[in-house]
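*Asks:* Handing you this structure, nothing more for now.
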Amino acid sequence: MQQESDSNPDPRRFPCAQCGASLEYAPGTEVQRCTYCGHENRIAVVAVPIEEQDFRQTLRDLANTATIHDSISIHCDSCGASYSFDAAAHAGECPFCGAPVVAKTERYRQLQVQALLPFKIEREQARAAFHRWLGGLWFAPGKLKDHARNDARLTGMYVPYWTYDADTTTRYQGERGDNYQVQESYRAMEDGQEVVRTRLATKIRWTPAAGVVSRFFDDVLVLASRSLPREVTERLEPWDLAKLLPYREEYLSGFRSEMYQVELEQGFERAREIMAPTIQRDIQHDIGGDHQRIHAADTRYGEIRFKHILLPIWMSAFRFRDRVYRFVVNGRSGEVQGERPYSSWKIAFAVILGLLLIGGGIAVWRARQGG
Ligand SMILES: [Zn+2]
Ligand SMILES: [Zn+2]
């Protein structure tokens, strides 16, 4: 990823044929709509299939800086996010961390996006969900609610992901454990007398096991952003990846898109971690028996293919007492997730109130007992 400053960025813009204002993608539709006069422009649907790329070939190409796409973006020094330049809102706060961002644009050389899921949830729906979430933050400091209630802080962002396909073959060595039962004698006390009795006890017989398991993984999803915590984005899953559309810039109009920070090769490391438990279960199943031990497993990843995709997330980030709190909405399903701050005096007040109520209850009970 090479970066250089550029003082004359060319923002993505689709002018309205009727009035010249900006067209924006209308979530859940196949049109771009003029924010000024309402004129609509249909997005041409392309019938080409989304082709997965060869992983190893692309890594070799990357070394030669081929298949690379140039773009201009804004960089946040606080959280490291880089996202598309937008002429309408180029200054202000970073949508990922809430830090003030100076409009410093950079040129990025990255792999071209191949597919995306367009926004389906509209701004109004996301805003309503955000307000419901804020309203539910009973313990949050009031100041923060006022601060966060500003609608301008809700950003529609296309977040970068990788998906990997891999044909895996794993050789393993281990042990299979089979239960068997034996008669066991033990001492017990009966009528003050020590007696010897027998009972059935379960033991395990271990035998060596070795073999090969194969599994094809399809569309293992890996977050390519480092600006959003994985715990937050993972809770937005699942995504309807079967509905991915070939990339078209029109779907990005009126929204922002983030540059990837996790490189293609690093992303595959994470994909391997995601595949590992499934391979382990396959081995355990292959070993059979009642118990399994795996001593060694060597996985070969045959043909690895990938896609660089964008997924739609409505987000808001705000800073409060040097901490960042984020609120995110899955732009397809409307699923809501957030990190919630607490006001310590509100909690203290609730605890005291609770104690007073209990104390009051006891007093009433005592009065009744006495009367
Ligand atoms: Zn117009
Ligand atoms: Zn930031």
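The values are calculated or read from the model by the stated rules, or taken from the named source; none is laboratory data. Because the structure is predicted, anything quoted here is derived from the model rather than measured. Backbone-built Cβ (ideal geometry, glycine too); neighbour counts: all protein chains shown.
*Asks:* Going by what's in this entry, would residue 296 be described as exposed (fewer than 14 other Cβ atoms within 10 Å of the Cβ), more than 28 Å from residue 43 (Cα to Cα) and among the small types (Gly, Ala, Ser)? Outline the logic, then answer.
*Replies:* Details: exposed (fewer than 14 other Cβ atoms within 10 Å of the Cβ): yes; more than 28 Å from residue 43 (Cα to Cα): yes; among the small types (Gly, Ala, Ser): yes.
Criteria met by residue 296.
*Asks:* Taking the range 13-30, which residues are charged (D, E, K, R), surrounded by 15 or more Cβ atoms within 10 Å (Cβ to Cβ) and not in a strand (DSSP E or B)?
*Replies:* If we filter the range 13-30 for residues that are charged (D, E, K, R), which is where we start, we get 13, 24, 30.
Remaining after also requiring surrounded by 15 or more Cβ atoms within 10 Å (Cβ to Cβ): 24, 30.
The one that is charged (D, E, K, R), surrounded by 15 or more Cβ atoms within 10 Å (Cβ to Cβ) and not in a strand (DSSP E or B): 30.
*Asks:* Within the range 41-64, identify whether any single residue is exposed (fewer than 12 other Cβ atoms within 10 Å of the Cβ), assigned by TED's automatic domain parsing to the domain that holds residue 327 and at pLDDT below 70, and answer yes or no.
*Replies:* yes
Let's see how each residue does on (1) modelled with pLDDT under 95; (2) among the hydroxyl-bearing types (Ser, Thr, Tyr); (3) surrounded by 13 or more Cβ atoms within 10 Å (Cβ to Cβ):
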{"position": "277", "(1), (2), (3)": "no, no, no"}
{"position": "316", "(1), (2), (3)": "yes, yes, yes"}
{"position": "320", "(1), (2), (3)": "yes, no, yes"}
{"position": "368", "(1), (2), (3)": "yes, no, no"}
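*Asks:* Go through (1) within 30 Å of residue 73 (Cβ to Cβ); (2) surrounded by fewer than 20 Cβ atoms within 10 Å (Cβ to Cβ) for residue 201 and report which single condition fails.
*Replies:* Looking at each condition in turn, residue 201 falls short on (1).
*Asks:* Continuing with the same structure: Which of the residues spanning the range 31-40 are of a type outside the set (Ser, Thr, Tyr) and either part of a loop (DSSP other than H, G, I, E, B) or within 16 Å of ligand 2 (Cβ to nearest atom) (or both)?
*Replies:* Step one: list which residues in the range 31-40 are of a type outside the set (Ser, Thr, Tyr), which gives 31-34, 37-40.
Once the filter is applied, which keeps residues that are of a type outside the set (Ser, Thr, Tyr) and either part of a loop (DSSP other than H, G, I, E, B) or within 16 Å of ligand 2 (Cβ to nearest atom) (or both), the range 31-40 yields 37, 38, 39.
*Asks:* Of all residues being touching a residue at least 60 places away in the same chain (Cβ under 8 Å) and hydrophobic (A, V, I, L, M, F, W, C) in the range 226-248, which is farthest from residue 327 (Cα to Cα)? Just the residue, please. Walk me through how you get there before you give the answer.
*Replies:* Going residue by residue through the range 226-248, those that are touching a residue at least 60 places away in the same chain (Cβ under 8 Å) are 226-229, 232-233, 235-236, 239-241, 243-248.
Among the residues that remain, those that are also hydrophobic (A, V, I, L, M, F, W, C) are: 228, 232, 236, 239, 241, 244-245.
Numbers: 228: 10, 232: 9, 236: 11, 239: 18, 241: 23, 244: 24, 245: 26 Å.
If we take residues in the range 226-248 being touching a residue at least 60 places away in the same chain (Cβ under 8 Å) and hydrophobic (A, V, I, L, M, F, W, C), then 245 is farthest from residue 327 (Cα to Cα).
*Asks:* Taking residue 332, is it closer than 20 Å to residue 158 by Cβ, within 15 Å of ligand 2 (Cβ to nearest atom) and at pLDDT 80 or above?
*Replies:* Working: closer than 20 Å to residue 158 by Cβ: yes; within 15 Å of ligand 2 (Cβ to nearest atom): no; at pLDDT 80 or above: yes.
No: the conditions fail for residue 332.
*Asks:* Determine the pairs where a residue that is in contact (Cβ under 8 Å) with a residue 12 or more places away in the chain and away from ligand 1 (no atom under 13 Å from the Cβ), located within the range 11-40, has a partner that is aromatic (Phe, Trp, Tyr) and assigned to a strand (DSSP E or B) with Cβ atoms under 7 Å apart, the partner being 6 or more residues away or on another chain.
*Replies:* Here the result reads none, with nothing in the range 11-40 linked to a residue that is aromatic (Phe, Trp, Tyr) and assigned to a strand (DSSP E or B).
*Asks:* Look through 248, 272 and report the one residue that is charged (D, E, K, R) and farther than 30 Å from residue 77 by Cα.
*Replies:* Details: 248 fails: farther than 30 Å from residue 77 by Cα.
Answer to the selection: 272.
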